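In what follows, a structure is listed as structure tokens, so that the remarks can point back to it.
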Amino acid sequence: GGLVTAMAEVRDVEIDPEGTFKYILVRLQRPGGGEQRDIVRGTKAAEFHNHIFEKVNPEMEKLGYECKCLGGGKIDHNRKDKKIRVFGLSTGYGKADHSVTVQILKKAYTDYEITWSDDKK
């Protein structure tokens, strides 16, 4: 059916192409406990982590998903050197499991060096 295709249309990662910005780790789930998957969303446009969630949530609900924010942090995206660093935390949502975030980022940025730490900056 159409909904399955919709799942494939949800990209694992949507982050800004450059810079340092807030990100959240979001779990998508089919109501009733069907399939689930985790996605990474981050942008400089968001002053607070919940701004990102407030944008993602309605988009995913349209596709038939329930969203849960698993936490947040920051991403430092250096396109020139092909490096991504994941660090920090979200005051509202708590710290995402950055190691999970890194696994997801590696799917999208296969030729990057991707690291994480619990540093605040």
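A compact table of results
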{"item": "Among (1) within 15 Å of the chain's Cα centre (by Cα); (2) open to solvent by less than 70 Å² (accessible area, probe 1.4 Å); (3) of a type in the set (Lys, Arg), the one test that residue 11 misses", "result": "(2)"}
{"item": "Residue that is most open to solvent (accessible area, probe 1.4 Å), among those in region 89-116 that are hydroxyl-bearing (Ser, Thr, Tyr) and under 20 Å from residue 79 (Cβ atoms)", "result": "110"}
{"item": "Whichever residue in region 35-46 is within 18 Å of residue 12 (Cβ to Cβ) and not hydrophobic (A, V, I, L, M, F, W, C) and, among such residues, is surrounded by the fewest Cβ atoms within 10 Å (Cβ to Cβ)", "result": "35"}
{"item": "Search result, residues across region 55-73 that are over 13 Å from the mean Cα position of the chain (by Cα), over 11 Å from residue 27 (Cα atoms) and not aliphatic (A, V, I, L, M)", "result": "58, 59, 61, 62, 64"}
{"item": "Members of region 58-72 found to be out of contact with any helix residue (DSSP H, G or I) (no Cβ under 6 Å at 6 or more places or on another chain) and in contact (Cβ under 8 Å) with a residue 24 or more places away in the chain, listed by number", "result": "60, 65, 66, 68, 70, 71"}
{"item": "Pick from region 47-67, criterion part of a loop (DSSP other than H, G, I, E, B) and out of contact with any strand residue (DSSP E or B) (no Cβ under 7 Å at 6 or more places or on another chain), ranking: least open to solvent (accessible area, probe 1.4 Å)", "result": "64"}
{"item": "Pairs where the first residue, in region 92-105, is without any contact (Cβ under 8 Å) to a residue 40 or more places away in the chain and the second is open to solvent by 30 Å² or more (accessible area, probe 1.4 Å), C-beta under 7 Å, 6+ apart", "result": "95/89; 98/116; 99/116; 102/116"}
{"item": "Every pair of residues 6+ apart whose Cβ atoms lie under 7 Å, when the first sits in region 106-120 and is free of Cβ contacts under 8 Å to residues at least 40 places away in the same chain and farther than 10 Å from residue 84 by Cβ while the second is assigned to a loop (DSSP other than H, G, I, E, B) and open to solvent by less than 100 Å² (accessible area, probe 1.4 Å)", "result": "111/82; 120/88"}
{"item": "Yes/no for residue 17 being part of a loop (DSSP other than H, G, I, E, B), in contact (Cβ under 8 Å) with a residue 12 or more places away in the chain and in contact with a His (Cβ under 8 Å, 6 or more places away or on another chain)", "result": "yes"}
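Condition check ((1) among the charged types (D, E, K, R); (2) at pLDDT 95 or above) across all residues:
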{"site": "20", "(1), (2)": "no, yes"}
{"site": "46", "(1), (2)": "no, yes"}
{"site": "51", "(1), (2)": "no, yes"}
{"site": "58", "(1), (2)": "no, yes"}
{"site": "74", "(1), (2)": "yes, yes"}
{"site": "84", "(1), (2)": "no, yes"}
{"site": "91", "(1), (2)": "no, no"}
{"site": "102", "(1), (2)": "no, yes"}
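The values are calculated or read from the model by the stated rules, or taken from the named source; none is laboratory data. None of the values given here were measured: they were computed from a predicted structure. In this analysis, Cβ positions are derived from the backbone assuming ideal geometry, glycine residues included, and neighbour counts consider all displayed protein chains. Each accessible area value is taken on the protein alone, full model and side chains, heavy atoms only, with ligands, DNA and RNA left out. Shrake-Rupley method; radii C 1.70, N 1.55, O 1.52, S 1.80 Å.
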